[in-house]
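Down below is the structure, laid out as structure tokens.
The values are calculated or read from the model by the stated rules, or taken from the named source; none is laboratory data. Note that the coordinates shown come from a computational prediction; the quantities given were computed from them, not determined experimentally. Using ideal geometry, Cβ is built from the backbone for each residue, glycine included, and neighbour counts are taken over all protein chains shown. Heavy atoms of the whole protein, side chains included, go into the accessibility calculation; ligands, DNA and RNA do not. Shrake-Rupley method; radii C 1.70, N 1.55, O 1.52, S 1.80 Å.
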Amino acid sequence: MSKEVRQVSRLGIMGGTFDPIHYGHLVAAEGARYEYGLEKVIFIPAGQPPHKLNIKLTEPWRRFEMTRLAVATNPYFQEMSIEIERPGPSYTIDTVLEISRLFPGAQVYFITGADAVFEILSWKRVEQLLSICKFIAATRPGYNLDEMWRKRGTLPQDFKKNVFYMEVPALAISSTDIRQRVREGRPVKYLLPETVEEYITSNNIYRD
Ligand code: ATP
Ligand code: MG
């Protein structure tokens, strides 16, 4: 997308490895858009996720292309390549600062799944991050957010104030499972958009 300055007051960021993107990501982003009145949700594939430095990922431009295909049918969604263009590990603080520069005055909401929400506390410059950005934690099957959420009283005040909880339709879908299914020749239909499935098939991704 072009990087012109835009007037948006409530903006979502959906970050992830997106290897590949699937309906779990899309349902979480759409739920957040609706519930938090976001005017736009930007999907930003990570270049090099700091917690996945030892894991072999699909080339960033392919993950970006799958993301582009997946968000194309939702007028509120768009993709951005800022993390894959930035050298080094992809830190959320750098991304949120860049987005805030591109959309001055916008309140930024970072959307994450239940498995990632408490990891925020270990992220780079977490205090600054929580002061410039709010987080929306979407429920995810296999991760009992309810239980963890009750214990959040022990967490720092700025975490309690700036991290919200959101229930979304439970989709027990993961990129790990999709990659394994493709490798084993099992179906991935209805787990991710058909355009993404076609891209995976025609480019022979996840086969080896
Ligand atoms: P992998 O298995 O490779 O880790 P993943 O399916 O967990 O892939 P990521 O790209 O790691 O996908 O996730 C990006 C974000 O989307 C994370 O915040 C994650 O918690 C969230 N997310 C992923 N799948 C779901 C799902 N099925 N429901 C809700 N949130 C999800
Ligand atoms: Mg994951």
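A compact table of results
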{"read-out": "Looking only at region 7-59, and only at residues there that are part of a helix (DSSP H, G or I) and touching a Pro at 6+ places or on another chain (Cβ under 7 Å), the one that is nearest to ligand 2 (Cβ to nearest atom)", "value": "P50"}
{"read-out": "Flag for V71 being out of contact with any helix residue (DSSP H, G or I) (no Cβ under 6 Å at 6 or more places or on another chain) and away from ligand 2 (no atom under 16 Å from the Cβ)", "value": "yes"}
{"read-out": "Top-ranked residue of region 44-56 - restricted to ones that are in contact (Cβ under 8 Å) with a residue 40 or more places away in the chain and out of contact with any helix residue (DSSP H, G or I) (no Cβ under 7 Å at 6 or more places or on another chain), ranked as most open to solvent (accessible area, probe 1.4 Å)", "value": "H51"}
{"read-out": "Some residue of region 187-198 being at pLDDT 95 or above, surrounded by 15 or more Cβ atoms within 10 Å (Cβ to Cβ) and within 16 Å of ligand 2 (Cβ to nearest atom)", "value": "yes"}
{"read-out": "Among (1) open to solvent by 20 Å² or more (accessible area, probe 1.4 Å); (2) away from ligand 2 (no atom under 16 Å from the Cβ); (3) under 21 Å from A28 (Cβ atoms); (4) in a helix (DSSP H, G or I) - the single one R179 does not satisfy", "value": "(2)"}
{"read-out": "Filtered residues of region 127-176 (kept if assigned to a loop (DSSP other than H, G, I, E, B), closer than 28 Å to A70 by Cα and open to solvent by 60 Å² or more (accessible area, probe 1.4 Å))", "value": "G142, N144, E167, P169, A170, A172"}
